[in-house]
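One structure is given here, and the rest of the page talks about it.
The values are calculated or read from the model by the stated rules, or taken from the named source; none is laboratory data. Everything numeric in this text was worked out from a predicted model, so none of it was measured. With ideal geometry, Cβ positions are generated from the backbone for all residues, glycine too; neighbour counts draw on all protein chains shown.
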Amino acid sequence: MIINAPILTERLVLRSLTRSDVTPQYLHWLLDEEITRYLEVRFSPEQTLETLEKFVIAANDSGDALLLGIFTKDGSRHIGNIKLGPICKNHRRADLGFLIGEREAWGKGFATEAIAATSHYALTRLRVAKLTAGCYASNQGSARALEKAGFSQEARLPKHQLIDGVREDVLLFGMLALTT
C-alpha cells in the first residue's frame, strides 16, 4: 500500500519507500547486529540490496501493509522505517513495527514521533479500530516510545522469545480508536 501524500510531523516526514530508498546505508542497518538485536529480521537469510528492494516493492504492492520511511524534516536523511500491517480488515486491527536504523538518531524521540503520527493516520484515515505492537522486555527504548505515543501495555508473555540464547519476556501493547 502506498500513501499519496507524506505524513508530516514537527521534525519528520513519513512517506512510502521507493526503489531509490534502497541504499547501502539502509542495507547496513539490517546487517548490523546491534541495530537488529530486537528484530526478527536477524533470523532471516543475509539481506542484499536485491532482497531489500523486493521487500519494499512487495510492501508497496500489498493491500494490507504500509511501509513508510522515516526521514528528517528536510527529507534528505533516511533514519528508519515504520510498518503498519498486516491490516486485518475484518477486525479493523493492525500490527505496528518500527526501526530507527541511524544510531545517532537513537534516544531523540524520533520513534515516538513516528509511532504517534502513523497511529493517528491508521486510526483516522485507514479506519483501523485497534493497533498492536510488541517488544522484548529488555528493549526499554521501544517500550518507552510506544507508551509516550499513547500505547498501553496489555500483556506480558513470560519467556516468550530468545535473545542471545536466553528466553525473555515479550511486552504486548495496544491502542484503541476513540470510537470503534
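Would you check which residues across region 11-50 are loosely packed, with under 12 Cβ neighbours inside 10 Å, touching a Lys or Arg at 6+ places or on another chain (Cβ under 8 Å) and over 30 Å from Val166 (Cβ atoms) and list them?
none
Can you name the condition, by its number, that Arg167 falls short on among (1) within 23 Å of Arg11 (Cα to Cα); (2) surrounded by fewer than 15 Cβ atoms within 10 Å (Cβ to Cβ)?
Answer for Arg167: the failing condition is (1).
Cβ-Cβ distance below 7 Å, separation of 6 or more or different chains: which pairs start in region 15-34 with a residue that is in a loop (DSSP other than H, G, I, E, B) and end on one that is of a type in the set (Gly, Ala, Ser)?
Note: pairs meeting the criteria are Leu17/Gly69.
Please state which one of Gly69, Gly63 is at negative phi and at pLDDT below 90.
The match here is Gly63.
Going residue by residue through region 120-133, is there one that turns out to be within 24 Å of Asp32 (Cβ to Cβ), without any contact (Cβ under 8 Å) to a residue 40 or more places away in the chain, surrounded by 16 or more Cβ atoms within 10 Å (Cβ to Cβ) and not hydroxyl-bearing (Ser, Thr, Tyr)?
So far as region 120-133 goes, no, none of its residues is within 24 Å of Asp32 (Cβ to Cβ), without any contact (Cβ under 8 Å) to a residue 40 or more places away in the chain, surrounded by 16 or more Cβ atoms within 10 Å (Cβ to Cβ) and not hydroxyl-bearing (Ser, Thr, Tyr).
Does region 153-180 hold any residues that are among the β-branched types (Val, Ile, Thr) and under 23 Å from Lys89 (Cα atoms), and which are they?
Thr179, Thr180
Scan region 158-177 for residues that are outside any strand (DSSP E or B) and farther than 18 Å from Glu40 by Cα and report the count.
Result for region 158-177: 1.
Just checking, does region 39-46 include any residue being touching a residue at least 60 places away in the same chain (Cβ under 8 Å) and not charged (D, E, K, R)?
Yes; the residues of region 39-46 include at least one that is touching a residue at least 60 places away in the same chain (Cβ under 8 Å) and not charged (D, E, K, R).
Determine which member of the set Gly107, Gly141 is among the small types (Gly, Ala, Ser), at pLDDT 90 or above and at positive phi.
Answer to the check: Gly107.
For region 59-68, what are the residues that are farther than 14 Å from Thr18 by Cα and assigned to a strand (DSSP E or B)?
Those that are farther than 14 Å from Thr18 by Cα and assigned to a strand (DSSP E or B): none in region 59-68.
Which residues, counting only those in region 134-152, are exposed (fewer than 13 other Cβ atoms within 10 Å of the Cβ) and either aromatic (Phe, Trp, Tyr) or within 24 Å of Cys88 (Cα to Cα) (or both)?
Result: Ser152, single match.
Just give me the residues in region 92-111 being touching a residue at least 24 places away in the same chain (Cβ under 8 Å), under 26 Å from Leu31 (Cβ atoms) and not small (Gly, Ala, Ser), in sequence order.
Passing the criteria: Asp95, Leu96, Phe98, Leu99, Ile100, Glu102, Arg103, Trp106, Phe110.
Which of the residues that make up region 11-20 are touching a helix residue (DSSP H, G or I) at 6+ places or on another chain (Cβ under 7 Å) and not aliphatic (A, V, I, L, M)?
Arg11, Ser16, Arg19
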